[in-house]
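Let me begin by presenting the structure, written as structure tokens, before commenting on it.
Each reported figure results from applying straightforward, stated rules to the coordinates on display, with no laboratory input. All values reported here derive from a predicted model rather than from experimental measurement. Backbone-built Cβ (ideal geometry, glycine too); neighbour counts: all protein chains shown.
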Amino acid sequence: MPELYRKRGKTLKALIVDDEPIARSVLRDELEEVGSVEIIGEAEDGIIALDLIRTRQPDVVFLDLQMPTMGGFEVVRKLGDGPHLPSIVIVTAYDEYAIEAFKAGAIDYLLKPVGQERLAQAVDRVRRTISKKPEVAENLSRLQEIAEPQSERKTRKVVGRAGNEYFLLNVNEVFAFQAEGELVWIITANKKYLATQTLQKLQERLQSTTFRRIHRNALINMDHVRKMTHLSSQRWLVTLSNSLEFIVSKRQAKTIRQLLS
């Protein structure tokens with residue numbers, strides 16, 4: 001292999017997921033040629049893959065999309081169950097799926113049969129991204145959105161940080177987003193997470209959902225509103241179902257009036 005593609009750096013822990021033994025063997029051999037990649041396991045279906053992701057915590061998963069029992073997209077949908085979020089490289093024979101997944105948030109995609117030079121480029125892309133945990137999490141949240149069945153594609157994901165861990169949250173479990181200076185908090189029923197995006201960015205992303213801006217510092221989920229109290233001609237108090245209260249700003253009072261009408 002040309003020296004250009006034998007880049008060294010942090011050793012990446014990789015998991016290969018494919019139902020075809022020959023495909024796994026070929027990819028393993030090619031990754032060993034790339035260098036600085038440790039294969040920490042192989043999985044023949046999505047169930048085994050999820051278990052290995054949770055127990056061995058790979059940096060990158062080379063994921064086949066078409067598999068029996070549990071396919072690649074279903075694996076992606078279930079990754080939010082745990083705090084470890086690996087980078088995903090899609091490996092498939094069908095470029096329409098790969099391109100859609102790549103545009104959504106996969107770090108890269110590889111078409112079968114995988115060429116060694118193209119594989120080395122994908123590994124290099126993973127290596128450049130691996131230390132950017134918020135970016136990895138955001139990519140995975142977008143990938144989860146297209147992994148939903150077509151009838152459920154309106155589901156949105158947001159990334160929440162708790163300590164050094166990143167969680168993928170369904171927006172329907174979010175009660176509100178609240179800004180405090182440069183920080184934005186994601187408020188759920190019993191826990192708060194730090195958001196990885198600004199309140200304005202979140203509002204733009206959620207404009208077709210049940211979230212409404214009620215203050216320059218607050219974006220609330222109307223599905224979780226329990227009570228709205230009229231304080232004055234231009235003042236409202238909104239109480240959520242977890243008893244959290246928000247004052248609606250004068251500027252946003254029309255939003256509440258529109259909802260009531």
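Observations on the structure shown:
- Axis angle, to the nearest 10 degrees, between helix 21-34 and the longest C-alpha principal axis of the chain: 90 degrees.
- Size of charge dipole - the chain - debye, nearest 20, with Cβ of Lys, Arg +1 and Asp, Glu -1, no other charges: 2100
- Classification of region 3-147 by its C-alpha gyration tensor yields a rounded form. The axis ratio a/c (a ≥ b ≥ c) stays under 1.5.
- Helix 133-147 and the longest principal axis of the Cα set of the chain meet at an angle near 90°.
- Cα-based helix-to-principal-axis angle, 116-129 vs the chain, degrees rounded to 10: 40
- Region 159-244: GluC sites (Glu not before Pro) falling in loop per DSSP and having at most 14 other Cβ within 10 Å: Glu182
- Computed from label points 7 Å out along Cα-Cβ, the spacing between Gln207 and Gln66 is 3.8 nm.
- Qualifying trypsin sites (Lys or Arg not before Pro) for region 190-261 [loop in DSSP, other Cβ within 10 Å: at most 16]: Lys191, Arg216
- Set Lys133/Lys227; Lys132/Lys191; Lys78/Lys250; Lys132/Lys254 screened for pairs whose C-alpha atoms are more than 31 Å apart: Lys133/Lys227; Lys78/Lys250; Lys132/Lys254
- Region 40-88: C-alpha gyration tensor shape, a/c 1.5 cut-off, then a/b vs b/c: prolate
- Extreme residue, positive dipole direction of the chain, given options Thr229, Asn164, Leu27 (C-beta unit charges): Thr229
- Cα gyration tensor, region 156-260 - rounded (a/c under 1.5), prolate or oblate: prolate
- Taking amide H positions as modeled 1.01 Å from N, with prolines and chain starts lacking one, the residues under 5 Å from Leu110 and 5 or more places away or on another chain are Ile90, Val91, Thr92.
- Taking the Cα centre of region 3-147 as origin and assigning +1 to Lys and Arg Cβ atoms and -1 to Asp and Glu Cβ atoms, the resulting dipole is close to 740 debye.
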